[in-house]
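Working notes for the structure below.
A short reminder: the numbers here are calculations on the coordinates, not readings from a lab. The structure displayed is predicted, hence computed values, not measured ones.
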Amino acid sequence: MTTLYQTAHGALLTIFYVAGPILAVIMMIGIIVGVFLAATQINEPTISFVPKFLGTGLAVVVLGPWLLRQLESFTIAVLAGLPRILQ
């Protein structure tokens, strides 16, 4: 039973490692664009979409290999531990 808990813990950590950097980039861009829109008193919520979209794409391109290695190592660990989980 502890192996199942370890696998669930590893899954949550992997989700945090994979989604965390991308969400951090989106949040920082949102804050910067929000401050800019507040400073210029532009009241258009759709303006923040394009910088977030481009920033997310850039983050995926830059961080993509590292993110895929994280997913790969988790998948290998789960598949290697599958016989112990099923016992």
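Counted residue by residue at 0.36 nm each, then reduced by the alpha carbon distance between them, the extension gain from ALA11 to ALA24 reaches 2.7 nm. How tilted is helix 2-40 with respect to the longest principal axis of the chain? Cα atoms for both, answer in degrees (0 to 90, nearest 10). The angle comes out near 0 degrees. Distance distribution P(r), the chain, all Cα-Cα pairs, bin width 5 angstrom from 0: 3, 13, 18, 15, 12, 11, 9, 8, 6, 4, 2, 1, 0 percent. Across the chain, the mean sequence separation of Cα contacts (distance under 8 Å, 6 or more residues apart), normalised by length, yields a relative contact order of 49 percent.
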